[in-house]
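The values are calculated or read from the model by the stated rules, or taken from the named source; none is laboratory data. All values derive from a computational prediction rather than experimental measurement. For neighbour counting, all protein chains shown are included, and Cβ atoms are generated from backbone atoms with ideal geometry for every residue, glycine included. Keep in mind that these areas ignore ligands, DNA and RNA; they rest on the heavy atoms of the full protein, side chains included. Shrake-Rupley method; radii C 1.70, N 1.55, O 1.52, S 1.80 Å.
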Amino acid sequence: MLTLPLLAVGQSLTGVDTVDPCNAEPPPPSPTMYQLDIVLKKGNNLAIRDRTGTSDPYVKFKIAGKEVFRSKTIHKNLNPVWDERVTLLVESLRDPLYVKVFDYDFGLQDDFMGSAYLYLESLEHQRTLEVTLDLNDPHYPENNLGSLELSVTLSPRDGDMRDTCQSMRLSDVHRKAQLWRGIVSISLIEGRSLQPMDANGRSDPYVKFRMGHQKYKSKVIPKTLNPQWREQFDFHMYEEQGGYVDITVWDKDAGKKDDFMGRCTIDLSLLSKEHTHKLELPLEEGEGVLVMLVALTASAAVSISDLSVNVLDDPHERHQIKQRYSLWRSLHNLKDVGVVQVKVIRAEGLMAADVTGKSDPFCVVELSNDRLQTHTVYKNLNPEWNKVFTFNVKDIHSVLEVTVYDEDRDRSADFLGKVAIPLLNIQNGERKAYALKSKELTGPTKGVIFLEIDVIFNTVKAGLRTLIPIEQKYIEEEPKVSKQLLLRNFNRVRRCIMFLINTGYYINSCFEWDSPQRSICAFVLFVVVVWNFELYMIPLALLLPLAWNYILITSGKDTRQDVQAMEDLLEDEDEDFDKDDKDSERKGFMNKLYAIQDVCISVQNALDEVASYGERIKNTFNWTVPFLSWLAIVALGVATIIVYFIPLRYIVLAWGVNKFTKKLRDPYSIDNNEILDFLSRVPSDVQVVQYRELKLDPNPSPNKRKKNNPG
């Protein structure tokens, strides 16, 4: 075994590290849980993995094959000092703690720097041990890879104490403290004179950013060596002294591996805070320069605490926060719109995700790109978290997402349920039970979660923030091809188009005198409005339906039918998903193609209709059919003379009187639109090709004649 036995490790006799109040009297001899407190102190003489003669080391802890901890990365140092603390709950001492060290390489696979085992069964209970682990490589055991220094304390715990201890640990660590020290805002402006990577002498560049575990990627700018991105990315800064942002530039290649174009690094410790820095960074291992703006700002309102530490329940602090977002301070720090406090109290009746009929639930709370989570409550379908999360609100139109997961030892967490709550829908201080939904938020799943939410914001700042681009959410799932999603989006477009068509039918019914009373009122209104028309009537006309619908809603007559229609559509979609899951083994590739055929035909016909009318307008001006182009010249000439000599008000009035009286003058006339009728005679580009004559070959060979006439 390639590890250092604990018998050879030096021990400290300083006694027990107190972890008040979880360090109580030792429990019975066979506890169901152990608390393992580790301080990762430093590394000594670690292996060189970079060409510069240094390494960028970080450490991983694993128990029973599951990663339970990852340290921060110390750049360019073979004797790194971490001084990081971690507390783990361990069910069995039979599984050793597996410690691995890696060299961080941005954009590439991280290099292995050595590993060691810490055998938990050999640890003395309730005593702090100073441990030195010699690192080894199983493939090259003779290599000296340095060592790690740790401080370890193992304490038995009763099963019913695990939630209490973990809750108190979180409170001690995060009590009124920020989870991150600040925000690094990077605006990627442009690239200059980048390296050509494609055969055409150009590139399709995009940029990758990485700071610790946070990764972002810019959009691809095709066929250029001087790309303009104009994108912004926000990183959370966890270290007081700053850290490093690693940047690489890549050339996008379809169907093969993207080409590396260069790298650069931003040392945040060299930049002053609360100031925007313009950086022009030359690319190493490549050509060209990246231009970006970097600003470091302090984070003041993203935190986690227990219910006992509740800022908004303190009248004095609540008053101060309200003063901070009062109307008198509307022009101060426009980006700071407000604050939201979320109390995650408990959940009931969750889905059983484990074979034991229980789950190990924890809760994740997200607002835009801010993401916090609770501790895990083990083997419980009715967990109590009692945590308070505080977020800074940058956009009052953001949606708060609360997701419950089941923690799994050997794989990624299982989804148990989710709710999405727009900030503007929140009733302050109301403790409410929310039924959990599916991952797509289209239908219910098992369980409810109890939340209490407070939002305080400045109305003026929120209104101004509405007029600037929405913040991009960077952690999103990749889109997938889906028959149900395609059908849903097609039906949504069709519903919008049908609304316009029905509105046209309603207006046309006034011209057709289907209801004499309605037509008379419409005719009188048309004459009065056109005769007295002023520009202010346009926004006034848009105000009227808003006011009318508001009156209906406040009087209890809610006319919003679209939400119910969409719910029915999504329920049908969920049934299709379930049906697809049950029949997925029986359905073949051809059956799936047939399933989307109807939607594709409808989309195909709609696109053909739109493209045809666009091409017909173009072909009118291109003299594709000279007769129609001459006819257009005559019509446009007459229209120009009429509009020049006759005020527009009289022209519109005459057109309206003609439309209203046409059915009265000729009850059997067929309604038509002269412009669409004209365009229907102009051939589209497809029809131009179809109608074009082929040139005759004066001496066609028999073989060619036979090939051109296969029938």
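A few notes on this one:
- In the context of the full set of protein chains, residues of the stretch 360-474 present 44 Å² of accessible surface per residue (probe radius 1.4 Å, heavy atoms only).
- For the stretch 614-627, Karplus couplings with θ = phi - 60° (6.51, -1.76, 1.60), whole Hz, Gly/Pro x: x, 5, 5, 5, 4, 6, 5, 7, 8, 6, 5, 10, x, 4
- Accessible surface of the stretch 31-124, 1.4 Å probe, proportion on carbon and sulfur as whole %: 44
- Coil-residue trypsin sites (Lys or Arg not before Pro) of the stretch 257-293, DSSP, other Cβ within 10 Å capped at 15: K257, K273
- For the stretch 453-458, backbone phi angles converted through the Karplus equation (6.51, -1.76, 1.60; θ = phi - 60°) give residue-by-residue couplings of 10, 10, 10, 10, 8, 9 Hz, Gly and Pro being listed as x.
- Spin-label model, E401 to K335: label points 7 Å out along the Cα-to-beta-carbon direction sit 2.3 nm apart.
- When a 1.4 Å probe is rolled over the protein heavy atoms, the share of accessible surface on the stretch 316-474 that falls to carbon and sulfur comes to 52 percent.
- FRET efficiency estimate (nearest 0.05) - Cβ-Cβ, K439 to N502, R0 25 angstrom: 0.10
- Förster-model FRET efficiency, 51 Å R0, R202 and K66, C-beta, rounded to 0.05: 0.65
- In order through the stretch 119-132: 3J(HN,Hα) via Karplus (6.51 cos²θ - 1.76 cosθ + 1.60), integer Hz, x for Gly, Pro: 8, 5, 5, 8, 7, 7, 6, 6, 9, 7, 10, 8, 10, 10
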